[in-house]
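Visitor: I have a structure here, written as structure tokens, and I will follow up with some questions on it.
The values are calculated or read from the model by the stated rules, or taken from the named source; none is laboratory data. A quick note: this is a predicted structure, and the numbers were derived from the prediction, not measured. So basically every Cβ, Gly included, is an ideal-geometry build from the backbone, and we count neighbours across all protein chains shown. Just so you know, the surface numbers come from the protein's heavy atoms only, side chains and all, with ligands and any DNA or RNA stripped out. Shrake-Rupley method; radii C 1.70, N 1.55, O 1.52, S 1.80 Å.
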Amino acid sequence: MVRRPEALGWKVSGILQSVGRAHEVDIWAEGGGARQIKIDGKAATQLALGRIARVLWLVPAMDRLWIEGAEGRRRFLDRVTMSFAPSHAESVLSFEKTMRERNRLLKDQVRDAHWYQALEAQMALSGAEIDAGRRAALVELHRAQAEAETAFPVAELELTATDGEMPGSAADYRTALAESRFRDLMAGRTLVGPHRADLYGVYAAKGVPARDCSTGEQKALLVSLILANARALAKSFGAPPILLLDEVAAHLDAGRRAALYNEICALDAQAWMTGTGPELFAELGARAQRFEVTDEAGLSSVTAL
């Protein structure tokens, strides 16, 4: 959006209170350039920002989590994993970069094993890290759901794979890549690894796969996971995450809306929530600040209510 049509760029500056410390944070992009970050006046990376603060979000597109393709569920699980271990992002980027290079060899029908060995060694390391991180994140989510009695249903989660289980160690995965080379050459792409994983969810109380639940139940399961993620982070990180919840009340009845707001307040987390009308947040009472965003003559304005 910021690149159209004038590419003017943007900047956001603020004071971040996190884990008993205050940090000055500046994030900006000049024109159509890449995003840049400074923390306490020094150039920093997105990973460094992730180490001093955690942010969880829920947007309407995620309501289709259980019925869309596996790629969306992998992205969701990777975001959860990164919330616990920001370095997970580096493992994912390393794996994807190396896999693209291997896939280029496969598409060009290169058969010399020497071209593959170094790439497969790197893929094996980062791939095993990705798989281990995802499984550790699922353990945290299961524990956080089990430790809390809420109005939101518990989701049983399992990491599955399109072509069998992901090999458990880097050495095993490297062997699997070598053994799969002929099949991969036929397909022109890598067929085994963490990029073939899927997240399978079940509505625990009913024993019904999440993809077969009603729209309201699917949204409740998703909210349950976000809240479990937040509870687990508050314990392991030492501070609750910032919550960005867009259209969070959609498909939730008044009882579940009230339960959601009670949980957020109990977490003592800063939460930004949007909705189409003030009635959706009536259950919050005096516990929140309210702002109305209006559009006049193509310009947005914000008014405190």
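Visitor: Sort out which residues of the range 1-27 are more than 22 Å from PRO241 (Cα to Cα) and open to solvent by less than 40 Å² (accessible area, probe 1.4 Å), and write them in order of number.
Guide: Those that are more than 22 Å from PRO241 (Cα to Cα) and open to solvent by less than 40 Å² (accessible area, probe 1.4 Å): ALA7, GLY9.
Visitor: Within the range 206-237, which residues are within 20 Å of ARG257 (Cβ to Cβ) and open to solvent by 40 Å² or more (accessible area, probe 1.4 Å)?
Guide: SER214, THR215, ARG231
Visitor: Also, I was wondering about something else. Do you know which residues across the range 1-19 are without any contact (Cβ under 8 Å) to a residue 24 or more places away in the chain and of a type outside the set (Asp, Glu)?
Guide: MET1, ARG4, PRO5, LEU8, TRP10, LYS11, VAL12, SER13, GLY14, ILE15, GLN17
Visitor: Is there any pair with a first residue in the range 88-108 that is in a helix (DSSP H, G or I) and a second that is of a type in the set (Phe, Trp, Tyr) whose Cβ atoms are under 6 Å apart and which are 6 or more apart or on different chains, and what are they?
Guide: Between residues of the range 88-108 that are in a helix (DSSP H, G or I) and residues that are of a type in the set (Phe, Trp, Tyr), the close pairs are LEU105/TRP115.
Visitor: Tally time: how many residues in the range 238-271 are of a type outside the set (A, V, I, L, M) and surrounded by 15 or more Cβ atoms within 10 Å (Cβ to Cβ)?
Guide: 10
Visitor: Looking at (1) in a helix (DSSP H, G or I); (2) touching a residue at least 60 places away in the same chain (Cβ under 8 Å); (3) of a type in the set (A, V, I, L, M, F, W, C); (4) in contact with a helix residue (DSSP H, G or I) (Cβ under 6 Å, 6 or more places away or on another chain), which is the one condition that is false for LEU222?
Guide: It fails just one condition, (4).
Visitor: Has the range 163-184 got any residue that is under 23 Å from the mean Cα position of the chain (by Cα), closer than 23 Å to PHE76 by Cβ and part of a strand (DSSP E or B)?
Guide: The answer is no, given that none of the residues of the range 163-184 is under 23 Å from the mean Cα position of the chain (by Cα), closer than 23 Å to PHE76 by Cβ and part of a strand (DSSP E or B).
Visitor: Pick out the one residue from LEU119, LEU125, LEU159, LEU141 that is in contact (Cβ under 8 Å) with a residue 60 or more places away in the chain and closer than 24 Å to ALA176 by Cα.
Guide: On inspection, the qualifying residue turns out to be LEU159.
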